[in-house]
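The values are calculated or read from the model by the stated rules, or taken from the named source; none is laboratory data. As the structure is a prediction and not an experimental result, all values here were calculated from the model. Cβ placement follows ideal geometry from the backbone for every residue including glycine, while neighbour counts extend to all protein chains displayed. Heads up: the accessible areas ignore ligands, DNA and RNA and are worked out on the full protein's heavy atoms, side chains in. Shrake-Rupley method; radii C 1.70, N 1.55, O 1.52, S 1.80 Å.
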Amino acid sequence: AGDAERHDTGATGPAPNPTSAIPSPSASSDGSKTSSPAGRSTPGTPAPTGVPLTWTANSQLWELGCDHDYVIDRQPAQVPPPPAPQDAGTWAATQSAVHGGNTIVDVSVQGRSSTAVVLEDLRVRVVGRTAPAPGIAYSMADGCGGGLTPRYFDVNLDKDRPIARPVAGEGPDGKTVSTMHLPYRVSATDPEVLRVKASTVGCDCRWYLELDWSSQGRSGTVRIDDHGRPFRTSSVKGLPHYWYGFVDGVRQWVPTTG
């Protein structure tokens, strides 16, 4: 997330490897096929290597699909109308917009094969804190309307040591999703979506996530960011705040009240 970064494509993790992490069957003396135990290697069967999962990250999500603030250092007459949610990335990039107040990131995680991969922990790394970005807060809210049910996490970027804390959320049917703590399990046919909402009231923060995994006796950590760059979230506290409304029957940016 942030200024003119490539929001429309979504960040991605390692590309899928067509080579399965499951050990290949080996021939026995009588010509039959036998498989080696998971996680162990036999002559002619290399041990699993590489990261056994893939991921993608979408940082251009709005609350309930319709409500979000962007900080833009331009006057209202220079800012185009709010985009459709699916066009948010392109719109934000052309306006050098920064996420205002919070950033919502969906991280889709999937195994490369049928072998289970356990997601052990999710951590937050803040790599920069500066004064809030200058500009005006522009609201995308214009009335909210009504897949996979995400696992919800909340992050307070203003903490010295921010933690990705599991919280309850809302599923696609509108019902409350109870809090679910790690670990989770994924495979090629059993993906998970981790929804992280990171918020600030006091900084222009740059941050990324670390996801710990384990599988077949191996473990590791993948960094989840925005195309190799940190996500970015800036406070809207004290900034002028506008929404897209009507003045004398004409649609335009209008100062919020209250």
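Filter region 87-102 for residues that are within 30 Å of TRP213 (Cβ to Cβ) and open to solvent by 20 Å² or more (accessible area, probe 1.4 Å) and give the result.
Residues of region 87-102 that are within 30 Å of TRP213 (Cβ to Cβ), as a first pass: 88-89, 99, 102.
Across region 87-102, the qualifying residue is only ASN102.
Okay, residues lined up against (1) touching a strand residue (DSSP E or B) at 6+ places or on another chain (Cβ under 9 Å); (2) in a helix (DSSP H, G or I); (3) surrounded by fewer than 17 Cβ atoms within 10 Å (Cβ to Cβ); (4) modelled with pLDDT of 80 or more:
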position: GLY2; (1), (2), (3), (4): yes, no, no, no
position: SER20; (1), (2), (3), (4): no, no, yes, no
position: GLY31; (1), (2), (3), (4): no, no, yes, no
position: ALA47; (1), (2), (3), (4): yes, no, yes, no
position: VAL51; (1), (2), (3), (4): yes, no, no, yes
position: VAL71; (1), (2), (3), (4): yes, no, no, yes
position: ARG74; (1), (2), (3), (4): yes, no, yes, yes
position: ILE104; (1), (2), (3), (4): yes, no, no, yes
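Can you pull out every residue in region 71-118 that is under 30 Å from SER219 (Cβ atoms) and under 15 Å from the mean Cα position of the chain (by Cα)?
Passing the criteria: THR103, ILE104, VAL105, ASP106, VAL107, SER108, VAL109, GLN110.
Can you confirm whether ALA15 is open to solvent by 50 Å² or more (accessible area, probe 1.4 Å), of a type in the set (A, V, I, L, M) and either modelled with pLDDT under 75 or over 17 Å from GLY228 (Cα atoms) (or both)? Walk me through how you get there before you give the answer.
Details: open to solvent by 50 Å² or more (accessible area, probe 1.4 Å): yes; of a type in the set (A, V, I, L, M): yes; either modelled with pLDDT under 75 or over 17 Å from GLY228 (Cα atoms) (or both): yes.
Yes.
Taking region 139-164, which residues are closer than 30 Å to VAL79 by Cα, at pLDDT below 85, open to solvent by 60 Å² or more (accessible area, probe 1.4 Å) and not acidic (Asp, Glu)?
GLY143, CYS144, GLY146
Find the strands (runs of 3 or more DSSP E) located wholly in region 177-258 whose residues include 3 or more that are surrounded by 13 or more Cβ atoms within 10 Å (Cβ to Cβ) and of a type in the set (Ser, Thr, Tyr), and list them. Steps first, answer last, please.
Working: elements: 184-186, 192-199, 204-215, 218-224, 231-234, 241-247, 250-255.
Answer list for region 177-258: 204-215.
If you scan region 76-96, which residues turn out to be under 22 Å from LYS237 (Cα atoms) and part of a loop (DSSP other than H, G, I, E, B)?
VAL79, PRO82, GLN95, SER96, listed by residue number.
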